[in-house]
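In what follows, a structure is listed as structure tokens, so that the remarks can point back to it.
The values are calculated or read from the model by the stated rules, or taken from the named source; none is laboratory data. No experiment lies behind these values; they were computed from the predicted model shown. Here Cβ is always computed from backbone atoms with ideal geometry, including for glycine, and neighbour counts include all displayed protein chains.
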Amino acid sequence: MKTLIVAASVFLVFAAGCRDADTNQAAVPTAAVHASKSGALEPYYHGLIEEYRTILAEDPNNLAAIMALANAYFDSGQWREAARMYERALELNPRNADVLTDLGTSYRYLGRPDRAREAYRRALGFEPGHVNARYNLGVVYAFDFKDYARAIYYWEDLLRIAPNYPGAAALRSRIAALQKGLQKGGQ
């Protein structure tokens, strides 16, 4: 228990020191947790969402709170609300590749792969080395548009940029499977 308290204190000090100078400095709550039925600690999204909404009611342009609310919606699978909040964050900071990537993923889960593809492309326009945008662009091409050659292109480029990408082995395997399918007459 003492270790958990020390770790939480260190995290809070670290998080407080890492705030973006361009965002409103009002406090934004960190992930509240509650015990699940199994006893494991899980984020309490409903409580977080309400806290972020309260902050935004007082300060509607608090970029940190907008992004935190978008992330809470995203993490809890509330894709429409997440997309709406990411769009709002982009009104204040339109060049944020991380937000564009999460917006793209929200669109994909909403069944809008065309909008997802555009969001990922915009993210890469602002940050060409953004590996998550590149990975997800490959996912959209492979699974939504069935354009395997283009998916391979983005994934191979990702591995060229980031050879130690955390999912590199699985990605190489997926590329090999797609290449094999293309050789047999796929798209």
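Out of the residues in segment 74-96 meeting the condition of being surrounded by 18 or more Cβ atoms within 10 Å (Cβ to Cβ) and under 12 Å from the mean Cα position of the chain (by Cα), tell me which one is farthest from Y45 (Cα to Cα).
So the residue we want is N96.
In segment 162-172, what residues are in a helix (DSSP H, G or I) and surrounded by fewer than 11 Cβ atoms within 10 Å (Cβ to Cβ)? Talk me through it step by step, then tell me what you get.
If we filter segment 162-172 for residues that are in a helix (DSSP H, G or I), which is where we start, we get 168-172.
Within segment 162-172, A169, A170 qualify.
Any chance segment 123-143 includes a residue that's free of Cβ contacts under 8 Å to residues at least 60 places away in the same chain and more than 28 Å from Q179 (Cβ to Cβ)?
Looking for residues that are free of Cβ contacts under 8 Å to residues at least 60 places away in the same chain and more than 28 Å from Q179 (Cβ to Cβ), one finds at least one in segment 123-143, hence yes.
Can you tell me which residue within segment 143-158, out of those that are part of a helix (DSSP H, G or I) and surrounded by fewer than 19 Cβ atoms within 10 Å (Cβ to Cβ), is farthest from the chain's Cα centre (by Cα)? Before you say what the answer is, go through the steps one by one.
Within segment 143-158, the first condition is being part of a helix (DSSP H, G or I), and the residues that meet it are 143-144, 148-158.
After this cut, where a residue has to be surrounded by fewer than 19 Cβ atoms within 10 Å (Cβ to Cβ) as well, the list is 143-144, 149-150, 153, 156-157.
On the way: F143: 18, D144: 19, A149: 25, R150: 22, Y153: 22, E156: 21, D157: 20 Å.
The extreme case among them is A149.
Scan segment 173-187 for residues that are part of a helix (DSSP H, G or I) and either aliphatic (A, V, I, L, M) or loosely packed, with under 10 Cβ neighbours inside 10 Å (or both) and report the count. Write out each step before concluding.
At the first step, the residues of segment 173-187 found to be part of a helix (DSSP H, G or I) are 173-183.
Within this subset, residues satisfying the condition of being either aliphatic (A, V, I, L, M) or loosely packed, with under 10 Cβ neighbours inside 10 Å (or both) are 175-178, 182-183.
The qualifying residues number 6.
Quick test for you: out of V99, V131, V140, pick the one residue that is modelled with pLDDT of 95 or more, among the β-branched types (V, I, T) and surrounded by fewer than 20 Cβ atoms within 10 Å (Cβ to Cβ).
Every option except V131 fails the conditions.
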